[in-house]
Amino acid sequence: EITRLGEGVDARRQLLPEAVARVRNVLADYRRAVEELGGERTLAFATSAVRDAENGEAFLGEIEWSYGFETRLLTGHEEALLTFRGVATGRAVEEKTLVVDVGGGSTELILGGPDGVSFHESYDLGCVRLTERFPSDSAAASAYVRSTLAGRVPAELEPRRALGVAGTITQLATLDLGLEREEPDLVHGHPLATETVAAQLERLSALSVDEIRRERGMHPDRAPVIVAGAVVVLETLRHFGLDQLEVSERDIMHGAALAAAALPEPAEGDAPPGAFTCC
């Protein structure tokens with residue numbers, strides 16, 4: 001579910017009540033699903049938006065109290081390691097592979113290979129953040145991303161290939177494949193060419209948000225931020241001189257699931273007050 005928890009965080013450094021309400025409604029549904037499926041360990045993890053918000057930790061405390069989920073605020077380092085762990089699940093990752101993870105508040109760049117992660121960094125280049133900073137100005141957003149990468153990415157990285165994860169990239173793959181909706185089995189492993197991303201960005205940036213929503217295969221809640229997300233993907237590939245990336249449906253969620261499976265068994269006892277009720 002796309003909740004845009006990071007809405008307004010870049011400017012106000014606060015999680016807004018409307019965004020929190022959207023998340024709580026989704027978590028109420030997830031709580032019911034966990035119960036129906038007999039889940040024994042549940043981990044709710046938070047990343048960039050909650051890290052940046054002054055009320056982020058208080059928000060996580062409320063989530064634990066309301067829904068009985070164990071919560072964890074990931075550092076940028078933990079986020080990178082969990083993402084790489086998820087991407088590497090069930091496959092070999094070749095040497096000098098760059099994992100590109102475009103989120104709402106930040107973009108993670110992770111370089112790794114068979115021996116694990118050799119470099120990672122988190123950049124404030126998320127699709128929600130850039131949309132709010134550069135509304136309806138993809139050229140300015142592109143210039144900002146180029147400047148950030150040029151100033152902060154070590155020159156010696158030189159990746160040979162790239163894997164892309166998360167909603168922006170899977171949405172671009174869905175559009176490229178001409179699907180009615182995202183189909184993970186088809187999207188996973190799809191090669192997304194740099195030229196294709198450039199063409200999609202040029203086309204989408206000329207449309208209004210309502211027009212983007214009507215595009216075949218476009219998730220309506222991703223329409224407001226897909227242009228900024230495409231900017232990040234394109235400028236990242238161009239920065240490293242890569243002609244494509246491979247789309248991966250395995251990402252931080254898979255890494256977090258493995259981490260959740262390693263949690264200790266929950267203690268017997270009463271659930272926290274309100275644990276199974278909606279907001």
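List of remarks:
- Once the Cβ-Cβ distance of Arg12 and Glu64 is raised to the sixth power relative to R0 = 35 Å, the FRET efficiency obtained is 0.90.
- Our analysis of the stretch 35-172 gives Rg over Rh at 1.01, with the two radii drawn from alpha carbon positions and Rh computed by the Kirkwood formula.
- Sorting the Cα pairs of the stretch 1-96 by distance into bins of 10 Å, from 0 upward, gives 14, 40, 32, 12, 1 percent per bin.
- Candidates Ser106, Ser147, Ser205, ranked by Gaussian network fluctuation over the chain, Cα under 10 Å, top entry: Ser147
- A P(r) calculated from all alpha carbon pairs of the stretch 199-249, with 5 Å bins opening at zero, reads 4, 19, 27, 22, 16, 10, 2 percent.
- Plainly put, the stretch 143-206 has a radius of gyration that is 1.03 times its Kirkwood radius, both from alpha-carbon atoms, as the Rg/Rh ratio.
- Dipole-positive endmost among Tyr144, Leu207, Leu258 within the stretch 134-279 (Cβ charges, Cα centre): Tyr144
- Counting only DSSP beta bridges with both residues in the chain, the antiparallel share comes to about 60 percent.
- Among Leu81, Leu157, Leu60, the residue with the largest mean-square fluctuation in a Gaussian network model of the chain, with springs joining Cα atoms closer than 10 Å, is Leu157.
- A Stokes-Einstein calculation at 25 °C with viscosity 0.890 mPa s, built on the Kirkwood radius of the stretch 132-279 over Cα pairs, returns a diffusion coefficient of 140 µm²/s.
- Under 5 Å between amide hydrogens, built in the peptide plane, is the criterion, and for Gly126 it picks out Ser106, Thr107 among residues at least 5 positions away or on other chains.
- Simple Cβ-charge dipole of the chain, Lys/Arg +1 and Asp/Glu -1, about Cα centre, in debye nearest 20: 520 debye
- The fraction of accessible area contributed by carbon and sulfur in the stretch 78-191 is 48 percent, rounded to a whole number (1.4 Å probe; ligands and nucleic acids excluded).
- Once the Cα atoms are used to define both axes, helix 17-37 deviates from the longest principal axis of the chain by about 70 degrees.
- Placing unit charges on each Cβ (+1 for Lys and Arg, -1 for Asp and Glu) gives the stretch 1-78 a dipole about its Cα centre, and among Ser66, Leu16, Ala46 the Cα reaching farthest toward its positive end belongs to Leu16.
The values are calculated or read from the model by the stated rules, or taken from the named source; none is laboratory data. None of these values were measured; they are calculated from a predicted model. Cβ atoms come from the backbone with ideal geometry, glycine included; neighbour counts cover every protein chain shown. Surface accessibility is based on the protein's heavy atoms, side chains included, excluding ligands, DNA and RNA. Shrake-Rupley method; radii C 1.70, N 1.55, O 1.52, S 1.80 Å.
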